[in-house]
Protein chains: 2
Amino acid sequence: MSEFKQAIVIRNDLKMGKGKIAAQASHASIGAYVKCLEKHKDWAEDWFDMQKKVVLKVDSVTEIVTLFESIKKELPCVLIKDAGRTQIEPGSITALGIGPAPEEKIDKYTHSLKLL
Amino acid sequence: MSEFKQAIVIRNDLKMGKGKIAAQASHASIGAYVKCLEKHKDWAEDWFDMQKKVVLKVDSVTEIVTLFESIKKELPCVLIKDAGRTQIEPGSITALGIGPAPEEKIDKYTHSLKLL
């Protein structure tokens with residue numbers, strides 16, 4: 001049986017503070033979880049007790065958008081745009097939430113990314 | 001009409017890295033949101049589109065537990081214990097998720113806390 005996890009990808013090039021990162025990660029986490037509930041309720045439920053999460057980083061907007069475009073046909077995921085009240089330009093893409101989904105399906109796309 | 005927000009409180013004394021903080025914040029955010037859906041579905045729904053979140057800090061386990069104990073009778077909230085695979089001792093309390101709930105109900109408990 002597969003193990004499930006959720007991956008949260010943060011734009012490291014924006015140099016957000018840790019509170020800002022925590023908020024963007026939480027947006028991504030809830031957004032992708034709710035999308036998963038709609039499309040793969042069984043995955044969301046199997047994952048919920050342990051809530052395994054991994055937080056990864058990319059270094060550009062191109063990288064995060066390309067990743068989102070390649071993943072979105074196969075897995076529940078959500079791209080986060082910040083309202084931009086603090087620290088960064090309004091409408092900036094800050095984070096990507098992926099899954100929960102079977103680990104190996106996520107790793108196929110994220111294996112080259114480093115931990116934040 | 002009230003505005004709704006979610007507050008995420010992080011234990012700053014644990015000196016967790018930003019990826020670790022992001023993961024703990026996400027646990028707290030999803031946990032408190034799901035609890036809110038069970039008890040105050042209208043709050044959760046009103047909050048969902050904007051997902052206003054504020055990330056705060058405390059400096060001890062006593063402070064976070066005391067806060068949780070005082071809030072839990074009135075508002076949906078969840079205390080997060082880390083599985084402790086990385087960085088910190090297994091079972092450590094790392095974060096507290098509160099709400100979504102009407103802003104003023106949350107502020108009553110958290111007004112003295114600083115942003116992370």
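The values are calculated or read from the model by the stated rules, or taken from the named source; none is laboratory data. Predicted model only: the values in this text are computed from it and were never measured. In this analysis, Cβ positions are derived from the backbone assuming ideal geometry, glycine residues included, and neighbour counts consider all displayed protein chains. In case anyone asks, the SASA skips ligands and DNA or RNA and just uses the protein heavy atoms, side chains included. Shrake-Rupley method; radii C 1.70, N 1.55, O 1.52, S 1.80 Å.
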Inset, instruction - Identify which of A:49, A:13, A:59 has the largest mean-square fluctuation in a Gaussian network model of chain A, with springs joining Cα atoms closer than 10 Å. - result: A:49
Legend entry - Cut-off under 5 Å, modelled amide H: who pairs with residue A:53 long-range: A:6
Inset, instruction - Give me the distance between the Cα centres of the range A:1-51 and the range B:1-79, rounded to whole Å. - result: 15 Å
Inset, instruction - Just the number, please: percent antiparallel of the DSSP beta bridges in chain B, rounded to the nearest 5. - result: 70 percent
Inset, instruction - At 1.4 Å probe size, with no ligands or nucleic acids counted, give the accessible surface of residue A:78 in Å², nearest ten. - result: 30 Å²
Inset, instruction - Would you grab the residues whose amide H sits under 5 Å from the one on residue B:16? Only those 5+ places off in sequence or on another chain, please, with H modelled 1.01 Å from N. - result: none
Inset, instruction - Mind telling me which of B:24, B:87, B:51 comes out most flexible in a GNM of chain B, alpha-carbon contacts under 10 Å? - result: B:87
Legend entry - From phi via Karplus (6.51, -1.76, 1.60), per-residue ³J(HN,Hα) for the range A:89-99 in Hz, x at Gly/Pro: 5, x, x, 5, 7, 10, 7, 9, x, 10, x
Legend entry - In the range B:48-103, trypsin sites (Lys or Arg not before Pro) in a DSSP loop with at most 10 other beta-carbon atoms within 10 Å: B:73, B:85
Legend entry - Only Lys, Arg (+1) and Asp, Glu (-1) charged, at Cβ; chain B dipole about Cα centre in debye: 380 debye
Inset, instruction - Determine the calculated [θ] at 222 nm for chain A from helices alone, applying -39500 (n - 2.57) to every DSSP H run no shorter than 4 residues and normalising by the residue count; nearest 500 deg cm²/dmol. - result: -13000 deg cm²/dmol
Legend entry - Carbon and sulfur %, accessible surface of the range B:7-47 computed with the full protein complex present, 1.4 Å: 45 percent
Legend entry - Amide hydrogen neighbours beyond the local backbone of residue B:92, cut-off 5 Å, H modeled: B:82
Legend entry - Bins of 10 Å from zero: percent of alpha-carbon pairs in the range B:4-115: 15, 51, 28, 5
Inset, instruction - For the protein assembly as shown, give the share of DSSP beta bridges that are antiparallel, in percent and rounded to the nearest 5; count only bridges with both residues there. - result: 70 percent
Inset, instruction - Assign unit charges at the C-beta atoms only (+1 for Lys and Arg, -1 for Asp and Glu), then state the dipole size of the range A:57-116 relative to its Cα centre in Debye, rounded to the nearest 20. - result: 100 debye
Legend entry - Gyration tensor (alpha-carbon) shape descriptor, the protein assembly as shown, a/c threshold 1.5: rounded
Inset, instruction - Per residue of A:48-57, count partner chain C-beta atoms within 10 Å of its C-beta, then hand back the mean as an integer. - result: 4
Inset, instruction - Using the heavy atoms of the protein chains and a 1.4 angstrom probe, tell me the accessible area per residue for chain B in square angstrom. - result: 48 Å²
